[in-house]
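The values are calculated or read from the model by the stated rules, or taken from the named source; none is laboratory data. Everything quoted here is computed from the prediction, not taken from an experiment. Glycine also receives a Cβ, built like all others from the backbone with ideal geometry; neighbour counts cover every protein chain displayed.
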Amino acid sequence: MQKRAFIVLAPLVAAGLVIAGGTAAQAAPEGLKQVQTRQSLLGQHTWYQQTYRGIPVFGGYYAKHTNTNGSVTVDDGRKAVTGLADTVAELPAQRAKSGVAGRLGGQPGSAELVIMPGSPAKLAWMTLTPTRTGTFRTLVDAGSGAVLHEENTVQHSDGKGRVFDPNPVVRLQDESLTDQDDADSAVPARAYRTVRLTQLNRGATTLQGAYANNISENQVTSPRRVFTFTRSQDGFEQVMAYYSITSAQEYIHRLGFRHVNNEPQDFSTTGYEEDNSYYDGSVDAITFGTGGVDDAEDNEVIWHEYGHAIQDDQVPNFGVSPEAGAIGEGFGDYWAVTMSQATSPNTRTTPWACVMDWDATSYTVDEPHCLRRVDGPKVYPGDLDGEVHDDGEIWSHALWDVNRALGRTAANRVILESQFFFNPEITMPQAAGKTVTTAYFLYGPRAAAKVRAAFHARGIL
């Protein structure tokens with residue numbers, strides 16, 4: 001059964017703010033398996049997987065949020081399981097895997113029994129199949145062998161780029177730059193910047209560290225840890241991804257967070273030749289493509305994909321509904337822009353609001369070259385079209401307005417903290433309400449009013 005109602009704390013009643021989506025906390029109900037616990041600025045967040053007779057229920061979750069003031073709220077996302085005939089599979093796991101392998105051209109790594117909720121609910125084999133375009137999650141009826149559900153688990157971002165800090169177009173304030181088939185001559189030497197690579201594993205000669213883990217083919221090595229390459233060399237993108245991911249996590253630590261994807265993030269910059277990049281939550285890895293401008297040449301592409309990893313760490317399986325997916329894409333664009341704020345000028349040539357301006361030179365004509373912008377005119381719900389990148393522009397604009405209203409540091413503390421209270425299928429109005437509430441707890445009623453105004457301007461609240 002799916003229920004959502006958060007308790008309203010006394011200070012919020014006075015401020016006219018409401019926490020949406022939870023119930024007054026009790027001990028976690030039976031039929032739950034703890035998945036993870038995360039600590040945030042306002043408290044502790046424990047996530048559970050719903051089970052039925054010991055079998056995971058696909059999409060079913062339960063979360064308990066314990067605030068530092070002792071109050072507790074829950075977000076109950078359990079699904080209805082009715083009319084399930086049996087919990088013993090008639091179809092062997094190997095047959096389910098073989099059928100999937102025949103269709104997708106890859107061998108599933110495992111097969112796990114799950115329950116597909118509904119009326120009637122069904123027993124199914126869930127398989128994860130790695131392919132060149134990401135990992136496919138397939139649910140196969142454990143009785144008939146029919147495919148009940150299939151999805152690619154990756155989250156995409158179109159485009160490629162190369163970055164120094166944050167990319168050559170911004171660094172040189174030159175919109176005329178083009179890729180020219182990865183040629184060194186296409187980008188002047190002054191676009192490059194020598195940076196310090198921090199957090200490398202002690203004794204390592206490769207790009208593995210506390211916050212980033214290079215899993216690319218033909219990994220670059222250096223006994224002295226001096227990784228100096230030009231853009232025509234594969235090692236350059238590996239260095240860029242390591243540096244960008246590490247710098248993002250170090251910034252998150254400076255904001256006060258210790259449990260926001262605080263782990264070595266797997267990434268690969270070789271082997272995928274499409275003009276696209278993606279985060280694959282099933283294996284917790286980011287893949288950067290090499291079509292057009294190599295994606296890992298543009299810091300804003302790297303930071304966008306890292307945004308998906310951040311949300312997936314805060315909320316397991318985040319983004320399963322269309323609006324939640326749009327929130328994910330919008331946050332990724334916003335995270336790219338706010339990371340660029342620290343090292344780039346806000347000019348007419350390269351405005352902060354322009355996302356991935358180096359990567360976009362491969363497929364845009366207008367200047368400035370932007371894959372997307374975080375200051376576009378779209379409003380909710382009239383401009384929703386069902387495509388997550390398009391719809392994400394509504395969310396990213398709201399976050400950008402929060403940034404401009406509160407300042408970069410306060411805004412990013414509010415935005416990251418609020419995401420601990422999201423759920424995998426949250427809507428924009430629900431997520432906006434939680435963001436307003438978070439602003440109130442962190443910075444008071446004036447800040448909360450500014451955040452509410454930002455979402456109201458986009459039609460979300």
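Computed quantities for the displayed model
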read-out	value
Subset of region 321-334 that is in contact with a strand residue (DSSP E or B) (Cβ under 9 Å, 6 or more places away or on another chain) and among the acidic types (D, E) - its residue that is surrounded by the most Cβ atoms within 10 Å (Cβ to Cβ)	D333
Flag if Y211 is surrounded by 21 or more Cβ atoms within 10 Å (Cβ to Cβ) and aromatic (F, W, Y)	yes
Index of the failed condition, F229 passing every other in (1) among the aromatic types (F, W, Y); (2) more than 17 Å from D359 (Cα to Cα); (3) touching a His at 6+ places or on another chain (Cβ under 9 Å)	(3)
Leading residue by the ranking (nearest to W395 (Cα to Cα)) among those in region 280-314 that are surrounded by fewer than 23 Cβ atoms within 10 Å (Cβ to Cβ) and of a type in the set (A, V, I, L, M)	A285
Residues of region 414-432 satisfying the condition of being within 17 Å of V379 (Cβ to Cβ) and either surrounded by 23 or more Cβ atoms within 10 Å (Cβ to Cβ) or more than 18 Å from the chain's Cα centre (by Cα) (or both)	M428, P429, A431, A432
Selected residue (only one of Y192, Y272 is in contact with a Pro (Cβ under 9 Å, 6 or more places away or on another chain), at pLDDT below 95 and not assigned by TED's automatic domain parsing to the domain that holds G43)	Y192
G118 at pLDDT 90 or above, farther than 30 Å from E297 by Cβ and of a type outside the set (F, W, Y)	no
Tabulated pairs, region 71-99, first on the phi > 0 side of the Ramachandran plot, second surrounded by fewer than 12 Cβ atoms within 10 Å (Cβ to Cβ) and not aliphatic (A, V, I, L, M), C-beta under 8 angstrom, 6+ apart or interchain	G83/S119; G83/P120
Extreme residue, surrounded by the fewest Cβ atoms within 10 Å (Cβ to Cβ), among residues of region 237-257 that are under 18 Å from the mean Cα position of the chain (by Cα) and of a type in the set (S, T, N, Q)	T246
Some residue of region 220-236 being within 26 Å of G332 (Cα to Cα), surrounded by fewer than 15 Cβ atoms within 10 Å (Cβ to Cβ) and not aromatic (F, W, Y)	no
Candidates A191, A186, A204, filtered to the one that is surrounded by fewer than 19 Cβ atoms within 10 Å (Cβ to Cβ), within 26 Å of T347 (Cα to Cα), among the small types (G, A, S) and out of contact with any strand residue (DSSP E or B) (no Cβ under 6 Å at 6 or more places or on another chain)	A186
Index of the failed condition, V337 passing every other in (1) modelled with pLDDT of 95 or more; (2) surrounded by fewer than 24 Cβ atoms within 10 Å (Cβ to Cβ); (3) out of contact with any Lys or Arg (no Cβ under 6 Å at 6 or more places or on another chain); (4) within 22 Å of T435 (Cα to Cα)	(2)
From the options G83, G70, G106, residue that is assigned by TED's automatic domain parsing to the domain that holds I55, in a loop (DSSP other than H, G, I, E, B) and either of a type in the set (G, A, S) or within 10 Å of A142 (Cβ to Cβ) (or both)	G70
Residues (of a type in the set (D, E) and either more than 20 Å from the chain's Cα centre (by Cα) or buried (at least 23 other Cβ atoms within 10 Å of the Cβ) (or both)) located in region 111-158	E112, D141, E150
Residue identified as surrounded by fewer than 24 Cβ atoms within 10 Å (Cβ to Cβ), in contact with a His (Cβ under 8 Å, 6 or more places away or on another chain), under 21 Å from T131 (Cβ atoms) and touching a residue at least 40 places away in the same chain (Cβ under 8 Å) among N276, N317	N276
Subset of region 368-398 [surrounded by fewer than 15 Cβ atoms within 10 Å (Cβ to Cβ) and acidic (D, E)]	D385, E387
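Rundown of residues vs (1) free of Cβ contacts under 8 Å to residues at least 40 places away in the same chain; (2) under 30 Å from F421 (Cβ atoms), yes/no style:
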{"residue": "A183", "(1), (2)": "no, no"}
{"residue": "A189", "(1), (2)": "yes, no"}
{"residue": "R193", "(1), (2)": "yes, no"}
{"residue": "M240", "(1), (2)": "no, no"}
{"residue": "I245", "(1), (2)": "no, yes"}
{"residue": "Y251", "(1), (2)": "no, yes"}
{"residue": "Q265", "(1), (2)": "no, yes"}
